[in-house]
């Protein structure tokens, strides 16, 4: 059996379409906002990864979102580029204009269908919702033949009404039907039954692709996604690292590797270049300032680590005793200790390429190399994670504020005092401050050099690698009004690492001020 789709042509029954919504649903997470350059960089990485559809944003939400979708549509050609829209004329028009330059463009229109949402959110009767479904899909077809429709809160919608909604969407031009578990309420058996029911009962169901979009509020997003495939879905909506509203979405890397590793069970394939998964995961962490937790499946640093003596013995005898996939299949390397103070620029470039940093400009490489040499003078051994940390630090957005110097004075007798130099929009400045400890003094000095109203909401420090000479990776969360941003920094000196993280957060806050806050949406 195969589907004939306007963007993909004939699609075999065993081929799963990967719809990535990192730049839309993922970016709606508090603190995860990206600027235009970061979105373009992420979109290019997703294209190289092999995703089939990139949901680039919600064009009607803000001028920044519109421009992001437009630029991605113009410059990223391999995947289908999708813009989200409510079932409203203004939204659909904005989405249509934003994707106009795309080689293959899609409009994804949606409306709530559950009794709870219709009564309290929309304040509409079911018949009015059906009218808007018909309108939204007809209107979207004016701009593109590739139209997706979503039933927001579909998993809590009454089955009979959901069938009527899906039938109306198909009859009015939708080519993909998405049934989201918007609040992460469903269980896998319910999700499988839902898609089975729709494919059996809705006229015209055989003419469209069914899609699944699952949130992780109960930790079931990946399980529900796989169950939806068993029920007949052929498109998976997911995000890198599982980011998204509240507890996030189904993680792309987990779903893809489940299908690959358990092909015996699911019999489905994707177009994802799995050895790129780790580098794309790390790129997103760099851009957003959010690391993945160490025990995260596939891309967490402990995913292929073995400490137990029993496990180590088994791995040495046969890797399959405790590993169900190879590290190389998702982008990890077996060796991590090959650079030192005698390594040259060529070796450093080769290491960057091996770690997935293929799109760095010459200035970033040179700066990162100088930091690497300084680090190698301080440490006996430089690990892969050390290199990643300092390169990630250099690729974060420092467009407005950057740290140039930092001096620390203190001890048991005197209060900590920090003198630091900054560049603010290219203008050098210097400030000093006394604080309750060196980190507090550094943050106060930044506030002297660049006054702001943001308050510190979180501060955490972790080591990048083991040992007393390890680099510190610091996370700082700042809050200003309704805006919440996270920044990261790394350095062998914890105070410098903290200052870098604070400045990174300030830069992200300035971007959010310029963009304005987009309206929050559910998937």
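Of these, 259, 226, 283, 198, which one is in a helix (DSSP H, G or I), touching a residue at least 12 places away in the same chain (Cβ under 8 Å) and under 16 Å from the mean Cα position of the chain (by Cα)?
Exactly one of 259, 226, 283, 198 is in a helix (DSSP H, G or I), touching a residue at least 12 places away in the same chain (Cβ under 8 Å) and under 16 Å from the mean Cα position of the chain (by Cα), namely 283.
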Report yes if some residue within the stretch 260-270 is at pLDDT 95 or above, in contact with a strand residue (DSSP E or B) (Cβ under 6 Å, 6 or more places away or on another chain), surrounded by 19 or more Cβ atoms within 10 Å (Cβ to Cβ) and at negative phi; otherwise report no. yes
Report whether or not residue 304 is without any contact (Cβ under 8 Å) to a residue 60 or more places away in the chain and either farther than 30 Å from residue 177 by Cα or part of a loop (DSSP other than H, G, I, E, B) (or both). yes
Exactly one of (1) surrounded by 14 or more Cβ atoms within 10 Å (Cβ to Cβ); (2) at pLDDT 80 or above; (3) within 30 Å of residue 358 (Cβ to Cβ) is unmet by residue 438. Its number? (3)
Residue count, the stretch 85-116, condition closer than 27 Å to residue 160 by Cβ and either under 27 Å from the mean Cα position of the chain (by Cα) or not in a helix (DSSP H, G or I) (or both), comes to 11
Just the residues that are surrounded by fewer than 24 Cβ atoms within 10 Å (Cβ to Cβ) and closer than 19 Å to residue 170 by Cβ, please, taken from the stretch 94-110. none
Name the residue, out of 498, 445, that is at pLDDT 90 or above, surrounded by 21 or more Cβ atoms within 10 Å (Cβ to Cβ) and more than 24 Å from residue 29 (Cα to Cα). 445
Residue within the stretch 206-226 that is more than 25 Å from residue 22 (Cβ to Cβ) and surrounded by fewer than 22 Cβ atoms within 10 Å (Cβ to Cβ) present: yes
Kindly indicate whether any position in the stretch 428-437 is in contact with a strand residue (DSSP E or B) (Cβ under 7 Å, 6 or more places away or on another chain), touching a residue at least 60 places away in the same chain (Cβ under 8 Å) and either assigned by TED's automatic domain parsing to the domain that holds residue 486 or assigned to a strand (DSSP E or B) (or both). no
When you scan the stretch 34-56, how many residues do you find that are buried (at least 24 other Cβ atoms within 10 Å of the Cβ), out of contact with any strand residue (DSSP E or B) (no Cβ under 6 Å at 6 or more places or on another chain) and not in a helix (DSSP H, G or I)? 1
Residue match in the stretch 144-157 (condition: touching a residue at least 60 places away in the same chain (Cβ under 8 Å), over 22 Å from residue 4 (Cα atoms), in contact with a strand residue (DSSP E or B) (Cβ under 9 Å, 6 or more places away or on another chain) and not assigned by TED's automatic domain parsing to the domain that holds residue 91): yes
Apart from one, (1) surrounded by fewer than 24 Cβ atoms within 10 Å (Cβ to Cβ); (2) closer than 25 Å to residue 121 by Cα all hold for residue 85; the odd one out is (1)
Scope the stretch 1-33; condition part of a loop (DSSP other than H, G, I, E, B) and farther than 30 Å from residue 457 by Cα; matching residues: 1, 6, 7, 8, 13, 14, 16
Subset tally (residues that are over 19 Å from residue 46 (Cα atoms) and under 17 Å from the mean Cα position of the chain (by Cα)) for the stretch 201-216: 3
Residue check for residue 342: assigned to a loop (DSSP other than H, G, I, E, B), modelled with pLDDT of 80 or more and touching a helix residue (DSSP H, G or I) at 6+ places or on another chain (Cβ under 9 Å): no
With the condition kept exactly as written, say whether any residue in the stretch 367-383 is without any contact (Cβ under 8 Å) to a residue 12 or more places away in the chain, under 30 Å from residue 47 (Cβ atoms) and not in a loop (DSSP other than H, G, I, E, B). no
Please enumerate the residues belonging to the stretch 57-69 that are within 20 Å of residue 87 (Cα to Cα) and part of a helix (DSSP H, G or I). 59, 60, 61, 63, 65, 66, 69
Scanning the stretch 313-339 for residues that are out of contact with any helix residue (DSSP H, G or I) (no Cβ under 8 Å at 6 or more places or on another chain) and surrounded by 13 or more Cβ atoms within 10 Å (Cβ to Cβ), the one modelled with the highest pLDDT turns out to be 327
Tell me yes or no: at least one residue of the stretch 122-134 is over 23 Å from residue 210 (Cβ atoms), modelled with pLDDT of 95 or more and surrounded by 15 or more Cβ atoms within 10 Å (Cβ to Cβ). yes
Take residue 241 and tell me if it is in contact with a strand residue (DSSP E or B) (Cβ under 8 Å, 6 or more places away or on another chain), part of a helix (DSSP H, G or I) and on the phi > 0 side of the Ramachandran plot. yes
Do we find a residue being buried (at least 19 other Cβ atoms within 10 Å of the Cβ), in a strand (DSSP E or B) and modelled with pLDDT of 85 or more anywhere in the stretch 505-515? no
Anything in the stretch 463-495 that is without any contact (Cβ under 8 Å) to a residue 60 or more places away in the chain and either crowded, with 21+ Cβ neighbours inside 10 Å or in a strand (DSSP E or B) (or both)? List them, or say none. 463, 472, 474, 476, 478, 479, 480, 483
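The values are calculated or read from the model by the stated rules, or taken from the named source; none is laboratory data. Computed from a prediction, not measured in an experiment: that's the story for all the values here. All Cβ positions, glycine included, derive from the backbone under ideal geometry; neighbour counts span all protein chains shown.
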